[in-house]
Amino acid sequence: MSEQLTVFPAFFRVAQKCVAVFGNGDEAYAKVRLLLNTQARIIAYADDAEPEYARFLADKGITRVVAPFDAGQVEGAVLVFAATGDAADDRRIVAAARAARIPANAVDQPEYCDFLTPALVNRAPVAVAIGTEGAGPILAQMIRAQIDQLLQPSLGSLAALAQSYRIAAEKLLPRGAPRRQFWKRFFTGGVAAHVAANDVSAARREATRLLKAGSAVEGRVYLVGAGPGAEDLLTLRAQRVMMEADVLVYDALVPQAIVDMGRRDAERLSVGKRKGCHSKSQDEINALLVRLGREGKRVVRLKSGDPLVYGRAGEEMAALREAGIGYEIVPGITSAFAAAADFELPLTLRGVASSLIFTTGHDLAGDVLPDWARLAVSGATISVYLGRTVAASVAARLIAAGLHRDTTVAVVENASRADRRLLHGTLGELPGLETRDDLDGPVMVIIGDAVAGANFERSEPLSLGRTSDRPQDGPRKDGARKDGAQLQDQNDVRYHGQGA
């Protein structure tokens with residue numbers, strides 16, 4: 001399929017110019033409402049307008065011509081809309097417009113359209129137009145609704161204010177980075193905040209201050225949670241700051257598809273830390289963030305999941321504070337939540353589990369049993385990050401602490417992603433996870449009585465072992481589903497035994 005458009009997107013200048021709309025009903029009504037987003041001088045040719053449409057034209061002060069169609073009526077118009085509801089009449093109107101070399105649009109007749117009307121998001125003077133070349137008007141409206149939510153209502157006022165500073169910025173600021181930094185801060189910093197609060201005077205004072213500061217700009221670092229991997233789980237705030245970044249500093253576990261969502265010309269720096277393979281030490285990463293901040297850059301530090309959950313954000317924040325570099329935390333969805341969602345698994349369950357523990361598993365590899373292990377025995381749900389390589393140690397220590405070996409376990413590789421893999425079993429079977437060579441993505445292990453409430457229809461039993469031992473026909477076998485049901489039954493018995 002060709003990726004080339006059959007139309008060229010463009011904006012017509014229509015301010016104080018005549019645009020003619022022919023029709024008496026809903027089609028003409030819709031076109032006039034769309035044109036009211038502009039400063040066009042609308043003339044409605046409606047000799048038998050429906051009552052509601054006629055009242056609308058009168059209320060809006062729109063010129064109405066009550067006369068049958070005549071080819072001369074298109075003269076002087078810059079655009080013509082044929083919206084009579086009669087295909088033959090619309091074609092005659094388009095033919096007259098084309099004879100006069102005026103672009104025309106016939107409703108629902110693409111072959112008689114010299115231009116197409118888009119779905120419009122209006123933040124004048126900013127406009128976003130969405131077109132599907134006539135293939136899916138409803139799709140265009142759905143996209144319009146999504147974009148409308150993304151753009152602040154004050155965006156138009158901010159853009160209008162920017163117009164008043166454009167000439168001054170061109171005179172006082174050199175081309176390149178200083179001018180670009182000024183406009184970035186204008187549209188994303190204090191000026192935008194004051195406009196959103198409807199305080200235009202404060203916005204002007206802040207814009208003037210930025211202009212006087214010239215090329216002396218302050219850097220800022222955003223510690224951004226990239227989520228568990230699925231692009232559509234990235235927060236709107238994370239996506240916004242990524243589009244404003246000068247530099248993206250990202251970890252190895254952040255998928256390339258998410259890195260690619262950043263500003264196209266932003267510098268991209270991989271600091272690729274994986275277990276046992278660190279391309280940069282944490283001290284080197286801290287120094288890099290400080291250096292970039294001192295250079296006046298807007299830096300996005302992308303971390304898998306949430307930056308405050310095993311993301312070593314504390315060390316980076318401390319380094320930035322000590323250096324006097326401003327920073328901001330942008331939370332992300334942590335992998336435990338994504339893994340639970342993949343399994344439809346309640347991390348807390350009334351009467352069964354009221355506590356939730358996050359751990360890396362390495363807490364259970366030492367000689368001293370962590371304090372939270374006692375909570376696990378009393379029913380808390382345990383989420384073990386990167387738990388495959390310590391699965392045997394985790395299982396052994398928890399069983400030794402008193403957790404029943406039949407406690408249900410859920411394992412998720414690549415949580416939230418299209419290539420995710422779900423496995424289930426018991427704590428006693430968990431050590432076998434450590435020897436599997438068919439799992440090379442990040443693995444989350446969830447342990448606890450609440451796990452028995454998960455949906456095991458799409459998961460594989462841990463007991464099936466390696467890839468070569470698993471069924472090759474895609475969907476799970478009935479026997480595998482029964483295994484999940486048996487786990488549920490076993491845990492139901494234990495719930496009642498504990499007085500749940």
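All of the numbers you see were taken from the coordinates with simple rules; none came from a lab. Note that the structure is predicted; figures quoted are calculated from it, not measured. Note that each Cβ is placed from the backbone with ideal geometry, even for glycine, and that neighbours are counted across all protein chains shown.
Per-structure values
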quantity: Per-pair calculated FRET efficiency, R0 = 35 Å: Glu344 and Val126 via Cβ, rounded to 0.05; calculated: 0.25
quantity: The stretch 205-306: relative contact order in percent, alpha carbon pairs under 8 Å with at least 6 residues between; calculated: 44 percent
quantity: Taking only Cα atoms of the chain, radius of gyration then Dmax in Å; calculated: 30.8, 94
quantity: Residue order, fewest to most beta carbons within 10 Å, for His404, His194, His424; calculated: His404, His194, His424
quantity: Count, lysine Cα pairs under 18 Å in the chain, 8 or more residues apart or across chains; calculated: 10
quantity: Label-point separation in nm, Glu231 to Ala396, each point 7 Å along Cα→Cβ; calculated: 4.4 nm
quantity: Exposure proxy ranking, count of Cβ atoms within 10 Å, fewest first, for Lys31, Lys303, Lys17; calculated: Lys17, Lys31, Lys303
quantity: Percent of beta bridges antiparallel (DSSP, the stretch 1-146, rounded to nearest 5); calculated: 25 percent
quantity: For the stretch 1-94: rounded, prolate or oblate by the Cα gyration tensor [a/c cutoff 1.5]; calculated: prolate
quantity: In Å, descending, principal axis extents of the Cα set of the stretch 234-319; calculated: 30, 27, 21
quantity: Relative contact order for the chain, counting Cα pairs under 8 Å that sit 6 or more residues apart, in percent; calculated: 8 percent
quantity: Debye intensity ratio in log₁₀ form over the Cα atoms of the stretch 54-171, taken at each q of 0.11, 0.17, 0.19 Å⁻¹; calculated: -0.57, -1.02, -1.09
quantity: FRET efficiency for Arg240 and Ser355, using Cβ-Cβ distance with R0 set to 35 Å, rounded to 0.05; calculated: 0.50
quantity: Rounded if a/c under 1.5, otherwise prolate or oblate - the stretch 155-213, Cα gyration tensor axes; calculated: prolate
quantity: Dipole in debye (nearest 20) - the stretch 19-129, about Cα centre, beta carbon charges: Lys, Arg +1; Asp, Glu -1; calculated: 560 debye
quantity: DSSP-defined beta bridges in the chain - what % are antiparallel, rounded to 5; calculated: 40 percent
quantity: Fewest-first ranking of Ile446, Ile62, using other Cβ atoms within 10 Å as the exposure measure; calculated: Ile62, Ile446
quantity: Simple spin-label estimate for Arg321 and Ala196 in nanometres, 7 Å along Cα-Cβ; calculated: 2.5 nm
